[in-house]
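The values are calculated or read from the model by the stated rules, or taken from the named source; none is laboratory data. Because the structure is predicted, anything quoted here is derived from the model rather than measured. Cβ sites come from the backbone with ideal geometry, for glycine too, and all protein chains shown count toward neighbours. Surface accessibility is based on the protein's heavy atoms, side chains included, excluding ligands, DNA and RNA. Shrake-Rupley method; radii C 1.70, N 1.55, O 1.52, S 1.80 Å.
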Amino acid sequence: MEQALEKLIKCITDRHAGTDVDMVALAYDFSQQAHQGQTRLTGEPYFIHPYNVAIILAEMNMSPDIVVAGLLHDVTEESGVSISQLEKEFGKDVAFLVDGVTKVGKVKYRGVERYLENLRKMFVAVAVDLRVIIVRLADRLDNLRTLYVHAREKQVRIAQESLEIYAPIANRLGMGEIKGLIEDEAFKYALPEEYQWVKGLATKRQAEQQKYLRTIEKRLTKELREQSIEYISIHGRVKHLYSLYLKLLRYDRDITRVHDLVALRVIVKNIADCYRVLGMIHSLWPPMQGRIKDYIARPKINGYQSLHTTVFTEDKRVVEIQIRSQEMHDQAEFGVAAHWRYDEDQGVKPALKKIGWVEELAQWKQEIEDNQRNLERLKVDVLKNRIFVFTPKGDVIDLPESSTPVDFAYSIHTDIGDKCSRAYVNDAIVNLDHQLKNGDIVEVLIDKNRKGPNPDWLQFVKSSTARAHIKAATRAERHGFLSKLIGS
Ligand code: MN
């Protein structure tokens with residue numbers, strides 16, 4: 001077996017003992033074949049990219065289906081492999097994931113002030129399956145790691161988009177580890193001078209502080225043993241550079257006011273032990289006022305739980321200590337994804353429950369599924385394949401696949417739909433039944449004198465909104481016509 005494949009499989013089985021890895025090996029070969037002869041801008045074989053993405057996912061404890069989707073995530077886009085072929089080889093679930101990853105990847109964000117709106121739309125499209133976004137985050141991280149090959153302009157654009165969209169998504173999902181990694185890579189390109197400043201500032205102090213933390217660690221370990229409190233691990237964690245930067249901005253750029261540049265993390269077995277350890281620490285060293293934070297009793301919105309305290313040690317130094325259970329630790333590092341480790345057979349649902357607004361979307365999906373029969377048409381709209389197109393101003397409009405300019409017009413406003421007469425796609429004039437593609441920029445011109453929609457449009461429109469409006473308008477018109485005929 002190839003060494004690279006062996007490494008990947010070990011990475012998965014270390015975390016998910018007893019998984020069937022045949023599918024992983026199959027996907028590895030398939031992807032390598034599909035990308036044969038393609039190279040990245042770095043000059044390396046293209047396959048290195050999906051392979052790296054798969055490794056990132058495996059290291060994040062992702063289940064094998066997600067890792068497989070990572071290996072295959074670019075084969076449709078880059079190598080022209082069809083979704084139906086993937087379905088034949090790897091089953092419906094993997095094909096669905098790859099399709100989703102490809103689609104959401106095509107969203108090109110424009111216009112700074114529109115970003116929140118776009119963020120929401122991306123989520124509407126993928127709330128159906130969070131795994132899609134997770135693969136996308138890993139894909140983005142690997143692309144950031146090879147960003148150096150690109151021109152400055154592209155570097156800045158990708159870096160900013162990562163800070164404005166990808167990192168906040170990771171944060172919302174509670175995926176602290178990948179959020180930090182994405183931010184630090186993007187920081188380098190988005191604000192190169194600030195990055196160098198923070199890096200210089202941090203490296204000097206970190207080494208010294210880490211050394212000091214080891215003495216604190218020894219003292220703590222001894223005390224824990226004496227009080228017979230079992231612990232899983234004690235380790236130092238170094239603050240990510242971008243989050244340090246944001247903190248420095250809040251503290252007048254004064255690093256002496258930042259106390260968690262390096263923090264000590266104590267991982268214990270359960271909640272009761274978290275509080276016991278906190279009490280023990282406070283009996284050793286006095287806590288700094290106002291710096292004891294109980295995120296166990298009051299978790300952060302994204303689900304983060306831990307006890308934080310900042311103490312004065314006997315050497316007159318200030319040290320931050322974080323105490324949490326293993327489960328809380330996994331939640332903090334891997335967010336929603338952590339739950340798959342505990343609730344694998346239940347799929348995505350338990351993970352979704354933790355996050356308010358994602359939960360809303362999930363409920364909404366549930367309602368639609370419950371009313372499946374009545375809402376078959378709507379379900380096709382909401383859950384089936386979507387495409388993303390843009391208004392000339394850069395707003396994202398999502399539509400069912402093979403939608404036309406008429407669908408686009410109705411999704412903007414009924415009047416625009418009713419009166420649309422001409423359409424431009426990427427600045428070229430097209431027929432109203434033209435099939436739109438992901439990423440198209442669409443502009444519709446209206447004819448103010450037009451009375452209403454053409455019933456023939458029903459032959460090609462795809463969205464239920466357009467269909468309903470055209471039907472209603474045509475019915476009204478026919479009614480008017482009949483009334484005239486009978487003279488009532
Ligand atoms: Mn990719």
message = Looking only at region 22-37, filter to residues that are open to solvent by 30 Å² or more (accessible area, probe 1.4 Å) and not in a helix (DSSP H, G or I); which one of those is nearest to residue 59 (Cα to Cα)?
response = 36
ask   = Can you find even one residue in region 94-103 that is crowded, with 17+ Cβ neighbours inside 10 Å, within 12 Å of the ligand (Cβ to nearest atom), within 13 Å of residue 34 (Cβ to Cβ) and in contact (Cβ under 8 Å) with a residue 24 or more places away in the chain?
value = yes
message = Given the criterion in a helix (DSSP H, G or I) and modelled with pLDDT of 90 or more, identify the matching residue among 418, 345.
response = 418
inquiry  = Tell me the residue from 78, 89 that is acidic (Asp, Glu), open to solvent by 10 Å² or more (accessible area, probe 1.4 Å) and within 14 Å of the ligand (Cβ to nearest atom), please.
reply    = 78
task = Scan region 33-58 and report the pairs whose first residue is farther than 29 Å from residue 333 by Cβ and whose second residue is within 11 Å of the ligand (Cβ to nearest atom) and hydroxyl-bearing (Ser, Thr, Tyr), with Cβ atoms within less than 8 Å and a gap of 6+ or a chain change.
result = 35/46; 38/46; 39/46; 41/146
request  = Check whether at least one residue in region 49-58 is within 11 Å of the ligand (Cβ to nearest atom), in the same structural domain as residue 136 (by TED's automatic domain parsing) and open to solvent by 40 Å² or more (accessible area, probe 1.4 Å), and report yes or no.
outcome  = yes
request  = Just give me the residues in region 131-176 being touching a Lys or Arg at 6+ places or on another chain (Cβ under 7 Å) and outside any helix (DSSP H, G or I), in sequence order.
outcome  = 146
key: Where residue 185 falls short, out of the listed (1) among the acidic types (Asp, Glu); (2) more than 16 Å from the ligand (Cβ to nearest atom); (3) open to solvent by 20 Å² or more (accessible area, probe 1.4 Å)   = (2)
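Residue by residue, here is whether (1) open to solvent by less than 20 Å² (accessible area, probe 1.4 Å); (2) in contact with a helix residue (DSSP H, G or I) (Cβ under 6 Å, 6 or more places away or on another chain); (3) in a helix (DSSP H, G or I); (4) within 15 Å of residue 320 (Cα to Cα) holds:
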position	(1), (2), (3), (4)
193	no, no, yes, no
203	no, no, yes, no
212	no, no, yes, yes
216	yes, no, yes, yes
229	yes, yes, no, no
266	yes, yes, no, yes
